[in-house]
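Written out below as structure tokens is the structure these notes cover.
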Amino acid sequence: MAVRFSNANVNKSASAQQFSWEKAVPMNAFWDGIDWVSCIHFLGNFSDEERSELPIDPNSTASTDDKVKLLISLLDAKLAKEEAAAAPKSLAETQPKAWRRLLHAKYVLQSRLGLVSDAGQSIRKLVEHFGDTDEVLQSSLADQLVVEGDYAQAEKIMGPVVATMDADMTKASPQAIGSRRILLSAIWKQGPSRRADAENVVAEIKESIQGMVGTKYEVYVKSEEEELDKVLAELAK
């Protein structure tokens, strides 16, 4: 079965495919229309056996939105099943990691559909439960706050996250660069008075991308450049 990873260069690099965050996504009519990040968050909640039993038509001609709605409904079904099995306790109590994966995947898919209120409820449940020490959840919350228009709070959250990613993964890593993209949006959207600060973050991102050259992260250079161009084009509107 043909599969894809986060970008075309990783598709061609067996070593890059070994990064812990790289996961294979099937290539067929159903999955090809959905972005890789959404796919891996969903698929990470199901075993190979469970995947084979999902009511997903590999030849589907449905719209991307309808496909994502189906995935959310399947996550809801698994959440309900797991919650029932955990009763009288909650799944968050008995299997917090599984609950986190399921609800975070739901948040990602809700965000892709522009379901701002629903996505906000999902990510806030997670942050309330796990606190402010989970950088992935904090980044997701900051992303959500940018969508909601609370740019200053998003910036406040991302400052420590960026510092942690720099220390744990190095500045020239996909994780650190991704964190800075969220920080960039939060600062830029605060208006012309913060434009110089935003431009400094752009310069840091470009420097980090160039810092990938010649390292194990070089396979991400082109995709990170393209993602930065995409973000800047959106911010310039």
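The values are calculated or read from the model by the stated rules, or taken from the named source; none is laboratory data. Everything quoted here is computed from the prediction, not taken from an experiment. Using ideal geometry, Cβ is built from the backbone for each residue, glycine included, and neighbour counts are taken over all protein chains shown. Only protein heavy atoms, including side chains, enter the accessible area calculation; ligands, DNA and RNA are left aside. Shrake-Rupley method; radii C 1.70, N 1.55, O 1.52, S 1.80 Å.
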| query | In the set Ala176, Ala172, which member is of a type in the set (A, V, I, L, M, F, W, C), touching a Gly at 6+ places or on another chain (Cβ under 8 Å) and either within 30 Å of Lys12 (Cβ to Cβ) or modelled with pLDDT under 95 (or both)? | reply | Ala172
| Scope the range 54-66; condition out of contact with any helix residue (DSSP H, G or I) (no Cβ under 6 Å at 6 or more places or on another chain) and more than 13 Å from Leu43 (Cβ to Cβ); matching residues | Pro55, Asp57, Pro58, Asn59, Ser60, Thr61, Ala62, Ser63, Asp65, Asp66
| message | Need pairs with beta-carbon distance below 6 Å; first residue within 17 Å of Glu234 (Cβ to Cβ) and within the range 190-213, second buried (at least 16 other Cβ atoms within 10 Å of the Cβ) and basic (Lys, Arg); sequence gap 6+ or separate chains. | response | Val201/Arg180; Ile205/Arg180
| Tell me, which residue of the range 174-215 that is out of contact with any helix residue (DSSP H, G or I) (no Cβ under 7 Å at 6 or more places or on another chain) and among the hydroxyl-bearing types (Ser, Thr, Tyr) is least open to solvent (accessible area, probe 1.4 Å)? | Thr215
| Of Glu128, Glu155, Glu148, which residue is crowded, with 18+ Cβ neighbours inside 10 Å and acidic (Asp, Glu)? | Glu155
| Any chance the range 98-113 includes a residue that's in contact (Cβ under 8 Å) with a residue 12 or more places away in the chain, among the polar types (S, T, N, Q) and closer than 28 Å to Asp32 by Cβ? | yes
| request: Mind checking which helices (runs of 4 or more DSSP H) fall wholly inside the range 1-64 and carry at least 3 residues that are under 22 Å from the mean Cα position of the chain (by Cα)? | output: 8-11, 36-43
| Only one of (1) under 21 Å from Pro26 (Cα atoms); (2) surrounded by 15 or more Cβ atoms within 10 Å (Cβ to Cβ); (3) touching a helix residue (DSSP H, G or I) at 6+ places or on another chain (Cβ under 8 Å) is not met by Arg51, so which one is it? | (2)
| query | Of everything in the range 1-42 that's in contact with a Pro (Cβ under 7 Å, 6 or more places away or on another chain), of a type outside the set (S, T, N, Q) and at pLDDT 95 or above, which residue is least open to solvent (accessible area, probe 1.4 Å)? | reply | Phe30
| Residues satisfying the stated conditions in the range 82-117, i.e. open to solvent by 70 Å² or more (accessible area, probe 1.4 Å) and charged (D, E, K, R) | Lys89, Glu93, Lys97, Arg101, Arg112
